[in-house]
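Notes follow the structure.
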Amino acid sequence: MHPTLHIDLLVILLTVAMAVGIAVKWIKVPYAIALVIVGLIIGLADFLPRFEMTPDLILLICLPALLFEASWNIDLSELKSNALPIGLFATLGVLITMLLCGFGMHYFAGLSISAAFLFGAMIAATDPISVIALFRKMGISKRLSLLIEGESLFNDGVAVALFQLTLAIILAGTVPSVPKTIIDFFFSIIGGTAVGCALGFGSTKLIRLFDDHLLETMLTTIVAYGSYLLAEQFNVSPVMAVISAGIVLGNYGSHTAMSSSTRLAVNSFWEYAAFVVNSLVFLLIGMQIKLELFAQYLIPLAIAIPTVIIGRAVAIYSLSLLLPKQSGYISWRWRHILVWGGVRGALCMALALSLPSNYAERDILVVLTFGVVLFTLLVPGLTLESLAKFLKIAKPDKAIEDHQRLKAQIIMNVRAMDYISQLQRSRTVSDVVCKQLHDELVEKQLQLTERMEEIHLTDESLRALEEMSTKRHVLELQKDALTDLVRTGVLTEESAAKIRLELDSQIQGLSW
């Protein structure tokens with residue numbers, strides 16, 4: 001295809017994605033799933049030229065952006081408090097899923113043992129983008145969202161490492177040494193984490209030398225893709241490198257070396273970048289589906305889908321029993337959501353497409369992987385909201401909703417009064433009109449504040465929640481002021497580091 005046609009197709013795909021985004025405002029279907037459905041229709045009807053989803057497109061262009069944006073925004077203190085369940089699901093959970101899928105596909109679908117375990121490794125990584133978006137819309141617990149998002153971040157790294165290790169063993173054609181395999185696996189994970197942390201801390205030092213939101217945004221882009229490429233050069237996990245770099249920059253670098261305005265600019269850039277990449281990826285997933293190949297491998301696919309779901313269920317339910325009830329406990333209702341919300345996405349497809357073209361069972365593995373991805377996106381993806389409502393975890397607290405709505409009205413009223421004061425000072429509106437409008441707003445503000453006090457008196461938990469939120473915001477503002485003091489030379493970096501540690505300790509000490 002001529003290069004200009006690629007640009008034409010990109011513009012068309014972005015236009016389609018935007019149209020779908022507008023449509024889902026009225027049609028109650030998750031955006032990501034709607035894109036897959038539209039992509040499927042486009043692919044079946046041949047509306048657009050066929051555009052192949054290559055491993056390089058996903059692994060080298062899309063994946064670093066998605067991983068970095070997710071890790072940049074994840075809260076390290078909350079991640080620490082849920083480290084045990086996330087760690088178990090992302091490591092042992094991936095291994096359990098891989099083994100169960102491998103044995104299931106070997107004994108029931110007739111795949112060779114090597115191909116079966118390759119399939120298990122490819123399909124173990126979850127992609128919760130559509131699930132998280134649904135959770136935010138429904139007001140589901142922030143901790144449940146964090147469990148799914150945190151697990152997905154880290155199980156990507158583990159699944160890719162297991163896939164590469166399994167593929168290397170198969171291509172070598174030798175029986176592996178168990179100790180060496182374990183050492184290679186941990187070397188890949190730990191090595192990738194070390195590369196990412198080194199780049200994250202190094203770039204933080206560099207950011208302190210200048211204050212320019214465009215340069216700092218560019219630096220985060222270099223770190224996101226540079227950590228991936230550098231990790232590949234060292235033969236360690238590129239996924240873990242990007243994740244650790246994003247966590248360091250998002251939780252340390254952005255708060256200690258960036259001004260608040262720069263942090264806002266960087267957040268906006270990565271939010272948009274991830275949105276564009278996700279839109280294109282989900283649209284392309286639908287366009288890749290070839291129903292004639294599904295028909296050819298219908299029986300193995302019919303076995304693969306329940307096998308993957310059972311593998312996920314065994315992993316989640318069994319590992320949840322290991323969590324202590326004092327900390328890290330996950331209720332049974334949440335476990336059901338974790339199982340059904342374990343949808344698969346672009347990473348699984350990229351790993352399948354990266355199989356060598358001369359590998360004997362490549363075609364069936366690609367079809368099985370694409371089939372499982374399509375099924376989990378459409379079936380659990382479209383029924384998860386109903387399941388959450390049935391389990392009664394989707395209904396947001398009415399008191400919290402009322403409190404948030406009242407708080408928003410008070411803030412809007414204050415801004416309106418500030419605007420009236422500006423008009424009066426500028427003499428662009430007569431004093432009589434300004435006074436009349438101001439008095440009306442003051443009266444309304446008194447009514448709103450009285451209602452807020454009533455809510456606080458009737459529900460003590462809301463007052464405590466508001467207190468914690470305000471304290472956290474105040475501490476974050478103090479950290480921003482600390483960064484400005486260092487930039488202007490009022491305070492040395494060494495002195496600021498000590499104060500910053502105290503503030504971080506206070507922030508982490510806040511319970512929600």
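The values are calculated or read from the model by the stated rules, or taken from the named source; none is laboratory data. Everything numeric in this text was worked out from a predicted model, so none of it was measured. Neighbour counts are summed over all protein chains in view; Cβ atoms, including those assigned to glycine, are modelled from backbone coordinates with ideal geometry.
Of Val474, Val442, all but one fail to be surrounded by fewer than 15 Cβ atoms within 10 Å (Cβ to Cβ), at pLDDT 80 or above, touching a helix residue (DSSP H, G or I) at 6+ places or on another chain (Cβ under 9 Å) and not charged (D, E, K, R); the exception is Val442.
When the residues of segment 293-334 are filtered to those that are of a type in the set (D, E, K, R) and modelled with pLDDT under 95, the one that is surrounded by the fewest Cβ atoms within 10 Å (Cβ to Cβ) is Lys325. Would you check if Leu199 is surrounded by 14 or more Cβ atoms within 10 Å (Cβ to Cβ), without any contact (Cβ under 8 Å) to a residue 40 or more places away in the chain and of a type outside the set (Val, Ile, Thr)? The answer is no for Leu199.
Every residue, every condition in (1) at pLDDT below 80; (2) in contact with a His (Cβ under 6 Å, 6 or more places away or on another chain); (3) not in a loop (DSSP other than H, G, I, E, B), yes or no:
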| position | (1), (2), (3) |
| --- | --- |
| Leu9 | no, no, yes |
| Ile27 | no, no, no |
| Ala32 | no, no, yes |
| Ile41 | no, no, yes |
| Glu52 | yes, no, no |
| Ile58 | no, no, yes |
| Pro64 | no, no, yes |
| Lys80 | no, no, yes |
| Pro85 | no, no, yes |
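What do you reckon, is Asp184 touching an Asp or Glu at 6+ places or on another chain (Cβ under 9 Å), assigned to a helix (DSSP H, G or I), of a type in the set (D, E, K, R) and touching a residue at least 12 places away in the same chain (Cβ under 8 Å)? Spelling it out, it is not the case that Asp184 is touching an Asp or Glu at 6+ places or on another chain (Cβ under 9 Å), assigned to a helix (DSSP H, G or I), of a type in the set (D, E, K, R) and touching a residue at least 12 places away in the same chain (Cβ under 8 Å).
Here Leu351 meets each of (1) more than 21 Å from the chain's Cα centre (by Cα); (2) farther than 23 Å from Ala133 by Cα; (3) not acidic (Asp, Glu) with one exception, condition (1).
Would it be correct to say that Val94 is out of contact with any His (no Cβ under 9 Å at 6 or more places or on another chain), in the same structural domain as Leu230 (by TED's automatic domain parsing) and under 20 Å from Val372 (Cα atoms)? Reasoning before the result, please.
Details: out of contact with any His (no Cβ under 9 Å at 6 or more places or on another chain): yes; in the same structural domain as Leu230 (by TED's automatic domain parsing): yes; under 20 Å from Val372 (Cα atoms): yes.
When the stated conditions are applied, Val94 passes them.
When the helices (runs of 4 or more DSSP H) confined to segment 295-396 are screened for residues that are on the phi < 0 side of the Ramachandran plot, without any contact (Cβ under 8 Å) to a residue 24 or more places away in the chain and not hydroxyl-bearing (Ser, Thr, Tyr), those reaching at least 2 such residues are found at 298-320, 332-340, 362-390.
Please specify each residue of segment 135-176 satisfying the condition of being touching a helix residue (DSSP H, G or I) at 6+ places or on another chain (Cβ under 9 Å), of a type in the set (Gly, Ala, Ser) and farther than 24 Å from Ala241 by Cβ. Of everything in segment 135-176, those that are touching a helix residue (DSSP H, G or I) at 6+ places or on another chain (Cβ under 9 Å), of a type in the set (Gly, Ala, Ser) and farther than 24 Å from Ala241 by Cβ turn out to be Gly139, Ser141, Ser145. Taking the numbered list (1) modelled with pLDDT of 75 or more; (2) surrounded by 20 or more Cβ atoms within 10 Å (Cβ to Cβ); (3) not aliphatic (A, V, I, L, M) in turn, Pro179 passes all entries but (2).
If the condition is being under 23 Å from Pro85 (Cα atoms) and among the small types (Gly, Ala, Ser), then segment 338-380 contributes Gly341, Gly342, Gly345.
Would a scan of segment 242-257 turn up a residue that is in contact with a Pro (Cβ under 8 Å, 6 or more places away or on another chain) and among the hydrophobic types (A, V, I, L, M, F, W, C)? Checked segment 242-257: at least one residue is in contact with a Pro (Cβ under 8 Å, 6 or more places away or on another chain) and among the hydrophobic types (A, V, I, L, M, F, W, C).
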